[in-house]
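Note sheet for the following structure.
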Amino acid sequence: MNHIIAIAILVFAIFLMGVRIVRPTHRGLIERLGKYNRFATAGFNWIIPFIEVIYQVNITEQMVDAEPQEIITNDNLNAKVDAQVYFKVKPDEDSVKSSIYNVNNYQWQIVNLARTTLRNIIGTLSLKSANSERGRINSELLKTLMSETGHWGLEIVRTELKEIDPPKDVQETMNKVVKAENEKIAAIDFATATETAADGQKRAEIKKAEGIKQARILEAEGEATAIKLVNEAAEEYFVGNAQVLRKLEAVEKSLQNNAKIVVPANTELVNVIGEMAGFLPLKHNEDKPAK
């Protein structure tokens with residue numbers, strides 16, 4: 001009985017020693033006596049203790065830094081270049097096997113391959129071109145890495161250039177150029193704004209002058225119209241009646257103070273009034289002698 005219990009305990013211990021749990025973020029390769037035996041998926045897996053070994057591989061997206069390096073550009077300047085590579089192991093069995101059996105330490109290999117590829121690409125460009133063509137450099141680096149790592153069971157997700165820094169003295173010169181260019185743009189913008197304001201003020205003054213001119217024209221036209229109406233009224237009503245009006249005014253003034261008027265014989269009163277008003281007396285036609 002004791003032997004049976006001991007054997008049961010031993011079997012249970014061996015069973016526990018062989019239990020392997022694989023997370024959803026990993027896949028496993030089980031080897032038996034140094035030879036690949038089977039593929040372990042996420043969840044519960046059991047191996048024969050001391051005979052089988054499981055190697056788990058992370059299949060999530062990972063990032064490696066290509067590490068900063070000095071690269072001589074086509075215009076003989078030392079540029080400090082750094083990049084990042086994002087990749088992941090494909091989750092199928094063949095890809096996981098390739099990442100273990102086809103390459104030794106794929107992360108380290110990716111770093112060195114990225115560094116070599118960057119030297120080859122940037123070495124053909126000037127420093128200015130390298131800074132302005134980051135998209136092209138990323139595309140070429142991605143294309144090369146995908147081609148070279150295809151048999152490693154990897155998927156290169158993307159590559160990103162972190163920096164392309166020129167030497168310190170070149171950077172200072174570039175900063176001065178950028179500053180001068182910005183000051184130039186600011187000066188042009190200020191001059192344009194000033195010109196626009198002056199042009200607006202000029203147009204406002206012109207509008208104001210045109211308004212004053214139009215007002216004066218309308219005023220003159222009004223005065224001319226009034227004078228015309230006065231002349232027409234005078235022409236219509238004054239001619240022929242002005243003398244009579246003067247005579248009546250003279251009589252009115254003479255009679256205001258009870259003045260006495262002596263009228264000579266054979267003289268008409270209206271002639272006397274006319275002389276008082278400053279007009280020549282009216283002449284009568286003398287009787288013509290009878291033939």
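Within region 49-99, track down each residue that is closer than 25 Å to R158 by Cβ and among the aliphatic types (A, V, I, L, M).
V57, I59, M63, V64, A66, I71, A79, V81, A83, V85, V89, V96
This table checks each residue for (1) touching a Ser or Thr at 6+ places or on another chain (Cβ under 6 Å); (2) outside the structural domain of T117 (by TED's automatic domain parsing); (3) more than 23 Å from N104 (Cα to Cα); (4) surrounded by 14 or more Cβ atoms within 10 Å (Cβ to Cβ).
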{"position": "I7", "(1), (2), (3), (4)": "no, yes, yes, no"}
{"position": "L10", "(1), (2), (3), (4)": "no, yes, yes, no"}
{"position": "G18", "(1), (2), (3), (4)": "no, yes, yes, yes"}
{"position": "T25", "(1), (2), (3), (4)": "yes, yes, no, no"}
{"position": "N45", "(1), (2), (3), (4)": "no, yes, yes, yes"}
{"position": "E70", "(1), (2), (3), (4)": "no, no, yes, no"}
{"position": "V81", "(1), (2), (3), (4)": "no, no, yes, yes"}
{"position": "Q84", "(1), (2), (3), (4)": "no, no, no, yes"}
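The values are calculated or read from the model by the stated rules, or taken from the named source; none is laboratory data. None of these values were measured; they are calculated from a predicted model. All Cβ positions, even for glycine, are placed from backbone atoms using ideal geometry, and neighbour counts span all protein chains on display.
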